[in-house]
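Everything on this sheet refers to the single structure shown next.
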Amino acid sequence: MYGRDIACILVYNETMMSHTDPRVERTRRAILEAAAHLLTHDRSASMAAIAREAGVGRATLHRHFATRDALLLALALLAIDCVSEAINDARPGEGSPVDAMLRIAAAVLPVADELRFVEAGAAIWSLEDTLDRWYSMTTVVEDLVRRGQADGSIRPDHSVAWVADLMLGVIWTAADSIRDGRLAPHNAAALVVD
């Protein structure tokens with residue numbers, strides 16, 4: 001499914017995008033946005049449907065993403081980057097750990113749905129770039145957990161990785177509950193940290 005060929009396609013695409021004109025970058029962004037929109041509502045949406053939604057031809061779509069798997073992998077990497085940016089924008093190193101967790105939850109909840117593309121398949125986790133991006137993101141949360149354990153606001157008898165994973169998992173669950181109408185958005189961040 002995924003593998004060396006997909007990784008090479010992505011490296012090629014990213015290298016080419018850095019040396020291209022803004023129109024090519026806009027086209028790639030339009031394809032990614034169209035794919036995210038369609039695949040959110042229909043995981044089986046075809047490449048042809050994605051091309052139509054993006055306003056491009058199938059050949060153009062395939063020049064950017066040779067296969068559906070390459071497109072899903074690009075969406076997963078973009079999602080990790082998006083959530084990582086939200087975490088960093090929440091200033092996790094400032095203030096009390098509990099306040100920082102509230103800021104992270106409030107910042108990540110609006111973009112948490114993006115991570116549905118990380119579930120594209122277990123094989124994306126065999127690519128070094130995916131793991132590097134994921135662990136870079138979770139390291140920031142783990143540092144926050146360590147601060148909380150040091151000041152007593154987070155139980156010290158649980159592993160740092162477990163608490164960080166639990167926090168991120170609760171954020172994704174809260175995002176699902178908001179989307180399904182079971183949780184009010186204005187209460188969600190406080191409930192995540194409570």
Counting only C-alpha contacts under 8 Å and six or more residues apart, can you give the relative contact order of the range 60-194 as a whole percent?
29
Cα-centre dipole for the range 41-146 with unit charges at Cβ (Lys and Arg positive, Asp and Glu negative), debye to 20
460
Would the range 123-194 count as rounded, prolate or oblate if I go by the C-alpha gyration tensor, calling it rounded below 1.5 in a/c and otherwise prolate when a/b exceeds b/c, oblate otherwise?
oblate
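Heavy atoms only, 1.4 Å probe, whole protein assembly: order Trp134, Trp162, Trp125 by accessible area, highest first.
Trp162, Trp125, Trp134
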Express in whole angstrom the spacing between the alpha-carbon centres of the range 39-98 and the range 161-175.
21
Express the carbon and sulfur contribution to the solvent-accessible surface of the range 61-194 as a percent, rounded to the nearest whole number, probe 1.4 angstrom.
55
Average accessible area per residue (Å²) across the range 23-181 - probe 1.4 Å, nucleic acids and ligands excluded
49
Name the shape class, rounded, prolate or oblate, that the alpha-carbon gyration tensor gives for the range 11-114, where a ≥ b ≥ c are the square roots of its eigenvalues, rounded holds for a/c under 1.5, and otherwise prolate holds if a/b is larger than b/c and oblate otherwise.
prolate
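The values are calculated or read from the model by the stated rules, or taken from the named source; none is laboratory data. Not measured: the values here are computed from a predicted model. A quick note on method: Cβ atoms are made from the backbone with ideal geometry, for glycine too, and the neighbour counts reach across all protein chains shown. Each accessible area value is taken on the protein alone, full model and side chains, heavy atoms only, with ligands, DNA and RNA left out. Shrake-Rupley method; radii C 1.70, N 1.55, O 1.52, S 1.80 Å.
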